[in-house]
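To start, the structure itself, in structure tokens.
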Amino acid sequence: MPYPFTFMFYNTENFYDTENDPLTMDDDYTPDGFREWTYVRYLEKLQKMTKVVRDIVAPDIPDIIGLAEIENKSVMTGILDSLRNNGITGYSFIHYDSPDERGSDVALIYNTQTFTVKDSKPITVRLPGIEDRTRDILYVAGKLKNDETIHLFITHFPSRSEGREKSERRRYFVASELRHEVYRVLSSNPSENIVIMGDFNDTPDDNSIDEVLGAKKKFEKIDPLKLYNLLYPRYKKGIGSTYHDGWQLFDQIIVSGSLLLSENIICKPEFADVFNPQYLLHFDSRGQAKPNRTYSGNYKGGYSDHLPVFMRIMLK
């Protein structure tokens, strides 16, 4: 009888501790900083994170949790402590400090009972001719309980804060580096299972995802050496994960064709979705639903400016 194994990815919206790190631009997220980021607010955010983890694939809990906008190991320890204090146990995490000047990293939480880590490393992306640093890509390889290996890539592409077109070449470059690392794995064994989760700051139709990374959007003829965007069907229905002049699907889960064709794993596009319960939404004065943010001009006390995405696979 097949049994489930679940993934989630969540851009947590500036999940910082309250300590001032002299090596990063985290001053705003301190008690005396612009955001007035107090320990009480930090604890509230931990509780909100715990609620999302508990609810997203209930009655199960995620086996793999990819995260973006995590400041450091202290925050990761805080998340695990909060989960444990609420009866959610058995997790460990992987985090590397990246070169990002804001100290904003990606990280991974995993269930030690269902996933055995075999390898992990940060993949440093050096943007050519650009002084700005960007976040590492996190690579983790591990074994499932049915002895299948999964190769995970957690990523957070450069933002559009300077405008879509001006920042586009940065996302192209990160997509190219990610594609190279993926095909390095597949070149050694074309049947390896790849899962990419992240905030791409682009939609499935944008060139960084569609052309550079090469994530396919149709599932009729699966090629084991190609990548496939599992959330594209949701995107075509107008479902988004963040709001910028309308809902945008920036948070995506992309898998290798070899995973879709696996004899020991059942993986289908309909197994992936955006998690959007009402408590993760805020309705503005016009009745427009948007993410229930931690900050929007000032402190709102919400969850994040992104909605989490998730995927179930079934292990044979």
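The values are calculated or read from the model by the stated rules, or taken from the named source; none is laboratory data. Note that the structure is predicted; figures quoted are calculated from it, not measured. Backbone-built Cβ (ideal geometry, glycine too); neighbour counts: all protein chains shown.
For this structure, a couple of remarks:
- Of F153, F93, all but one fail to be of a type in the set (F, W, Y), under 23 Å from T203 (Cα atoms) and either in contact with a Pro (Cβ under 8 Å, 6 or more places away or on another chain) or outside any loop (DSSP other than H, G, I, E, B) (or both); the exception is F153.
- Residue in segment 83-97 that is farther than 24 Å from Q252 by Cβ and modelled with pLDDT under 95 present: yes
- Checking each residue in segment 44-87 for being free of Cβ contacts under 8 Å to residues at least 24 places away in the same chain and among the hydroxyl-bearing types (S, T, Y) picks out only T77.
- Of all residues in segment 207-238, those being out of contact with any Asp or Glu (no Cβ under 8 Å at 6 or more places or on another chain) and over 12 Å from I254 (Cβ atoms) number 13.
- Residue count for segment 260-287, restricted to those that are farther than 20 Å from T242 by Cα, under 24 Å from the mean Cα position of the chain (by Cα) and among the acidic types (D, E): 1
- Tally of residues being under 23 Å from M25 (Cβ atoms), not charged (D, E, K, R) and not in a strand (DSSP E or B) across segment 50-77: 5
- Looking at D60, D132, just one residue is modelled with pLDDT of 95 or more and surrounded by fewer than 20 Cβ atoms within 10 Å (Cβ to Cβ), and that residue is D60.
- One residue stands out among those in segment 15-41 that are outside any loop (DSSP other than H, G, I, E, B) and at pLDDT 95 or above: the one that is nearest to S74 (Cα to Cα), which is F15.
- Hits in segment 204-239 (condition: closer than 24 Å to P291 by Cβ and part of a loop (DSSP other than H, G, I, E, B)): P204, D205, D206, L230, L231, K237, G238, I239
- Those residues of segment 101-114 which are surrounded by 14 or more Cβ atoms within 10 Å (Cβ to Cβ) and free of Cβ contacts under 8 Å to residues at least 60 places away in the same chain, in sequence order: D105, A107, L108, I109, Y110, N111
- Selection status of V140, surrounded by 15 or more Cβ atoms within 10 Å (Cβ to Cβ), among the β-branched types (V, I, T), part of a loop (DSSP other than H, G, I, E, B) and touching a strand residue (DSSP E or B) at 6+ places or on another chain (Cβ under 7 Å): no
- Flag if E44 is part of a loop (DSSP other than H, G, I, E, B), surrounded by fewer than 17 Cβ atoms within 10 Å (Cβ to Cβ) and at pLDDT 90 or above: no
- Filtered residues of segment 96-137 (kept if among the β-branched types (V, I, T) and part of a loop (DSSP other than H, G, I, E, B)): T112, T114, T124, V125, I130, T134
- Restricted to segment 240-273, and to residues there that are in a helix (DSSP H, G or I) and aliphatic (A, V, I, L, M), the residue that is farthest from E220 (Cα to Cα) is L259.
- Selection from segment 296-315 of residues that are part of a loop (DSSP other than H, G, I, E, B) and out of contact with any strand residue (DSSP E or B) (no Cβ under 7 Å at 6 or more places or on another chain): G297, K300, G301, Y303
- Considering (1) out of contact with any helix residue (DSSP H, G or I) (no Cβ under 9 Å at 6 or more places or on another chain); (2) within 22 Å of Y10 (Cα to Cα), the lone condition that R184 does not fulfil carries the number (2).
- Applying a threshold of 8 Å to beta carbon distances and a minimum spacing of six or more residues, or different chains, the list of pairs starting in segment 228-242 at a residue that is over 11 Å from T203 (Cβ atoms) and ending at one that is surrounded by 16 or more Cβ atoms within 10 Å (Cβ to Cβ) and small (G, A, S) reads Y228/A215; Y228/S256; Y228/G257; L230/A272; R234/A272.
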